[in-house]
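Heads up, the thing below is written out as structure tokens.
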Amino acid sequence: MLGRAWDTPALPGERTAAGGDQDSLTLGIEAAFACLERAGTDDIDAIFFATTTPPYAEKHAAATIAAVLDRRDVGTVDVTGSLRAATTALRNALDAVRAGSARAALVVAADMRPAEPSTAMEQLFGDGAAAVLVRPDAPVRVLGEASVAEEFTGPWRRTGDPFVRTFDAKIETEQYQRAVVEVSQRALDRAGVSPDAIAAFAAYAPDPRTYASVAKRIGIAQARDPLFAGAGNLGAAHALASLAGALDEAAPGDHVLLAAGAEGADALVLAAAEGVQRARAARTLNDALADKRMLASYERYVRARRLIEWDDPVVPSSTIRTWRDRRQAFALYGVRCGACELVQFPANRACIACGGDRMTPQRLQRTGAVFTYTLDHLVAGEYLETPVPRMVVDLDGGGRVFVEGTDCEPSDVTVGMRVELCFRLMHEGADFKNYYWKARPER
Amino acid sequence: MTGIKDRVAVAGVGATRFTEHYEKDQEDLLYEAVQEAIGDAGIERSDIQAMWVGVYYRFTGLSGTTAADATRIYGIPATRVENYCASGMDAFRNACFAVAAGVYDIVLACGVEKITDQGSRGLPNVLRDSIPPFIPPASAPALFAMAGTRCFAERGWTREDLARVAVKNHANGAKHPKAHFRREITMDTALNAPMIAWPLGRFDSCAVSDGAAAVIITRPEIAKTLNHRDDFTLVKANGLAVTSAFPMHNPGFDYLGFPATRLAAKQAYDEAGITDPARQISFAEVHDCFTITELLNYEDLGFCAPGEGAAFMAEGRSSADGDLPVNPSGGLKSFGHPIGATGCRMIGEVTKQLQGRAEGIQVRDPELGLAHNLGGPGAVCSVTILGRN
């Protein structure tokens, strides 16, 4: 589709494009939930968010992740501006846990890099996110690490640049390879692991050819990137998403080399330990790749990415109200009535059913069923497609919410349909990012 | 507790045509409606001692000055009434209670809306200004459509059931000179129209129209000295019930009707002494903002049993020649819904029917007429019963 749109040769494979109501933060939150569900805990005390496409130039994204995860007593760090942000964040998270300053650190990596239409980058870049939980008792051990810093420009994006820039792919690729080979060899030496003992090479590389080439130079015989064919170059999320794929298949004792290169490089040698299979996700990387909707046209992609100007009406909003309602809007808190036990949303001061006023906060579950719905064609606001499914959803465990549907064909919506809530960007009224929950068909 | 039964008379009514009045503003429209009502009553402007004006949108007007500036009646009490789509009938209600209290002899209830002045398409969404992020800005059709979806799932109703309402009301409205739409439609036209909010299509939804309506209210003794000394109508009852604006968050809300209508109707029926509305009410002007609303109104107003709204329609009982004609004027379907004006227009329609001078279809020998004005997501309802004196 991308090749056809511009009459240029098409690269093989498929690319992931996030919905128009997504950004790196909402993608990251999806990965964070998936990771914590897999780990069976939300007991974390540090959150790292790694991306080259943070939602704000000035405003902390990891604090929003903390709010959605309902964690307040956590250290939060944004690592941005580099394609090795995730490996850098992971190394810092490991240091924090080893030093005892954090018990459990969540590293979230997400990216939605902007590619100039008609370029090879447009055909290479995909959108995605991955998350890793770092704990002393994790079923994956870190055997050796190394980093190197290298001043070099390419690829880059200045503040305000609409797209990623590149100057000379050949020299950029060579710089990348040199740094990744150097840190990988150093990390392998420190781990005492031979390159041919590496079962999986989970690495950020700009393209599949460079990935194969750098693997060969390190001396890894069997390197297979799980993402280029079905997702693309996921930017700062690429290495951790590849790691997720590697761990889906790892047996105890398997070694994984995790690496990323940009302005230098990071490498970590990991070893799967006992319990790695138990910690395996019900939903694997392959499941995530298989769960997709094909975009009907390049124009839909253009609209979702807002690559052409659109006359969107201004939606009023308020930073004060958003702050006041943060537990409801971010952590999805309702209340339970002390008199009649009804769980309700939002956090009413007095019960909507019995009028009682002994209300206790209750966090709502994110799954439920559609009670009734409509497909609304008469919409104002930053809607990318109409009709907009609007659903009254009865959540499991109580609470009724009124949300928009997303990630589905409107015609698929039915009364009784099982849905799960997902955190999305609603609009940018009052010149800030207004996030809230939507519903998508349960996976 | 004393009510208002037979203590308040409607002395005169007036209304503009309801349509897209691009060339007129809210003052033009309100002036025209009020002048007609004053003339109909046979009073002077200076006889009016207090005014209530129903206005919903702020671009139509703010405060009592909307009435004062339109009528050029300055220096008397004038109050803007806003109560969602029932703003007009709530203005009427306030006026009635002031007269029943004995404070004033002659007052004006009126309503106006200038929706085409909003500067964008469709029905403007004002909720967005005042409601937090967890209330998505659903359109009005969307809020009522969810009742349709529920009736389809629970009761097996179909889009044909909805379309019958549109066909009936358009047939009635075709005969009314003040209706926005004055043409009949077929079932096919209704069913094949573009979707607005599933399952509601274009002909399931009332239009965006401008208009104004006015009612002169007085005590019966005074009405006997005015133009309609022999045929003024008496207010038998008025009920107003307000429920939550957030049924979409209320786990107990079944979307199979609107409790506000049932509660307002009960108030009105109790006051008027009505025990069997289907037999005792001669005809009704009800709030058919959407076709699904009219079907549910039949049930909520007690015209038929719960679940039988679609059958009540299909059997022709609410047709102009049925045993309980509903919306003989053509309803909101034919008039459109200039929010603040609609409630007062309904009072005017019911009054003229009872007087035997309906501008469109005249129902046969009515004794009691009912007007029903429903607002918000079915959250605010006013029911008025008028009778011959």
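The values are calculated or read from the model by the stated rules, or taken from the named source; none is laboratory data. Predicted model, so just to flag it, every value in this text is computed and none were measured. Methodologically, a virtual Cβ is constructed for each residue, glycine included, from the backbone with ideal geometry; neighbour enumeration extends over all protein chains shown.
Points to keep in mind about this one:
- Taking segment A:348-360 as the range and being among the small types (Gly, Ala, Ser) and within 13 Å of another protein chain (Cβ to nearest Cβ) as the test, the residues that pass are A:Ala350, A:Ala353, A:Gly355.
- Pick from segment B:203-233, criterion assigned to a loop (DSSP other than H, G, I, E, B) and within 13 Å of another protein chain (Cβ to nearest Cβ), ranking: nearest to B:Asn389 (Cα to Cα): B:Cys206
- Pairs linking a residue in segment A:234-259 that is modelled with pLDDT of 95 or more to a residue that is buried (at least 22 other Cβ atoms within 10 Å of the Cβ) and of a type in the set (Lys, Arg), with Cβ atoms under 6 Å and 6 or more positions apart or on different chains, are A:Gly235/A:Arg113.
- Some residue of segment B:149-157 being surrounded by fewer than 24 Cβ atoms within 10 Å (Cβ to Cβ), charged (D, E, K, R), modelled with pLDDT of 95 or more and in a loop (DSSP other than H, G, I, E, B): no
- Odd one out for B:Ala241, checked against (1) buried (at least 24 other Cβ atoms within 10 Å of the Cβ); (2) more than 23 Å from B:Ile48 (Cα to Cα): (1)
- Cβ pairs under 9 Å, 6+ apart, first in segment A:361-378 and at the interface with chain B (Cβ under 7 Å from one of its Cβ atoms), second buried (at least 21 other Cβ atoms within 10 Å of the Cβ) and polar (S, T, N, Q): A:Thr372/B:Thr149; A:Tyr373/B:Thr149; A:Thr374/B:Ser139; A:Thr374/B:Thr149; A:Asp376/B:Ser139; A:His377/B:Ser139; A:Leu378/B:Ser139; A:Leu378/B:Ser205
- If you go through segment B:234-282 and keep only what is assigned to a helix (DSSP H, G or I), hydrophobic (A, V, I, L, M, F, W, C) and within 14 Å of another protein chain (Cβ to nearest Cβ), you end up with just B:Met248.
- Put simply, of B:Glu271, B:Glu294 the only residue that is of a type in the set (Asp, Glu) and farther than 22 Å from B:Trp157 by Cα is B:Glu271.
- Residue within segment A:195-205 that is in a strand (DSSP E or B), surrounded by fewer than 21 Cβ atoms within 10 Å (Cβ to Cβ) and at pLDDT 95 or above present: yes
- With respect to (1) facing chain B (nearest Cβ under 9 Å); (2) modelled with pLDDT of 95 or more, the lone exception for A:Pro441 is condition (1).
- Residue that is nearest to the other protein chains (Cβ to nearest Cβ), among those in segment A:283-313 that are assigned to a loop (DSSP other than H, G, I, E, B) and in contact with a Pro (Cβ under 9 Å, 6 or more places away or on another chain): A:Arg305
- Residue match in segment A:246-254 (condition: assigned to a helix (DSSP H, G or I), more than 30 Å from A:Glu37 (Cα to Cα) and in contact with a helix residue (DSSP H, G or I) (Cβ under 8 Å, 6 or more places away or on another chain)): no
- When segment A:314-347 is filtered for residues that are farther than 19 Å from A:Arg358 by Cα, touching a residue at least 24 places away in the same chain (Cβ under 8 Å) and either buried (at least 18 other Cβ atoms within 10 Å of the Cβ) or at the interface with chain B (Cβ under 7 Å from one of its Cβ atoms) (or both), the ones remaining, listed by number, are A:Val315, A:Pro316, A:Ser317, A:Thr322, A:Ala329, A:Phe330, A:Leu332.
- Of all residues in segment B:9-49 being in a loop (DSSP other than H, G, I, E, B) and not charged (D, E, K, R), the one that is surrounded by the most Cβ atoms within 10 Å (Cβ to Cβ): B:Phe18
- Taking segment A:384-403 as the range and being in a loop (DSSP other than H, G, I, E, B), within 10 Å of chain B (Cβ to nearest Cβ) and out of contact with any helix residue (DSSP H, G or I) (no Cβ under 9 Å at 6 or more places or on another chain) as the test, only A:Gly398 passes.
- B:Ala179 satisfies every condition listed in (1) away from chain A (no Cβ under 13 Å); (2) crowded, with 20+ Cβ neighbours inside 10 Å; (3) among the small types (Gly, Ala, Ser); (4) part of a helix (DSSP H, G or I) except (4).
- Summed over segment A:404-429, residues that are under 30 Å from A:Arg321 (Cα atoms), within 11 Å of another protein chain (Cβ to nearest Cβ) and either of a type in the set (Phe, Trp, Tyr) or not in a strand (DSSP E or B) (or both) total 1.
- Exactly one residue among B:Ile4, B:Ile73 is out of contact with any strand residue (DSSP E or B) (no Cβ under 6 Å at 6 or more places or on another chain) and of a type in the set (A, V, I, L, M, F, W, C), and that residue is B:Ile73.
- Verdict on A:Phe152 being farther than 30 Å from A:Leu289 by Cβ, assigned to a loop (DSSP other than H, G, I, E, B), of a type in the set (A, V, I, L, M, F, W, C) and without any contact (Cβ under 8 Å) to a residue 40 or more places away in the chain: no
- Cross-chain or 6+ apart pairs with Cβ under 9 Å, segment B:247-276 first and on the phi > 0 side of the Ramachandran plot, then polar (S, T, N, Q) and surrounded by fewer than 24 Cβ atoms within 10 Å (Cβ to Cβ): B:Gly273/B:Gln280
- Filtered residue count, segment B:283-317, keeping only those that are under 14 Å from the mean Cα position of the chain (by Cα) and assigned to a helix (DSSP H, G or I): 3
- Whichever residue in segment A:71-94 is within 30 Å of A:Pro361 (Cα to Cα) and in contact with a helix residue (DSSP H, G or I) (Cβ under 8 Å, 6 or more places away or on another chain) and, among such residues, is surrounded by the fewest Cβ atoms within 10 Å (Cβ to Cβ): A:Arg72
- Test: residue in segment A:275-286 that is assigned by TED's automatic domain parsing to the domain that holds A:Ala199, touching a strand residue (DSSP E or B) at 6+ places or on another chain (Cβ under 7 Å) and in contact (Cβ under 8 Å) with a residue 12 or more places away in the chain: yes
- Scanning segment B:184-202 for residues that are crowded, with 19+ Cβ neighbours inside 10 Å and either within 14 Å of chain A (Cβ to nearest Cβ) or assigned to a strand (DSSP E or B) (or both) yields B:Met195, B:Ile196, B:Ala197, B:Trp198, B:Pro199, B:Leu200, B:Gly201.
Yes or no, residue by residue, for (1) at pLDDT 95 or above; (2) among the aliphatic types (A, V, I, L, M); (3) under 12 Å from the mean Cα position of the chain (by Cα):
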residue	(1), (2), (3)
B:Ser319	yes, no, no
B:Ser329	yes, no, yes
B:Phe335	yes, no, yes
B:Pro338	yes, no, yes
B:Met346	yes, yes, yes
B:Glu367	yes, no, no
B:Ala379	yes, yes, no
B:Asn389	no, no, no
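- Checking B:Thr79 against (1) surrounded by fewer than 22 Cβ atoms within 10 Å (Cβ to Cβ); (2) in a loop (DSSP other than H, G, I, E, B); (3) touching a helix residue (DSSP H, G or I) at 6+ places or on another chain (Cβ under 9 Å), the condition it does not meet: (2)
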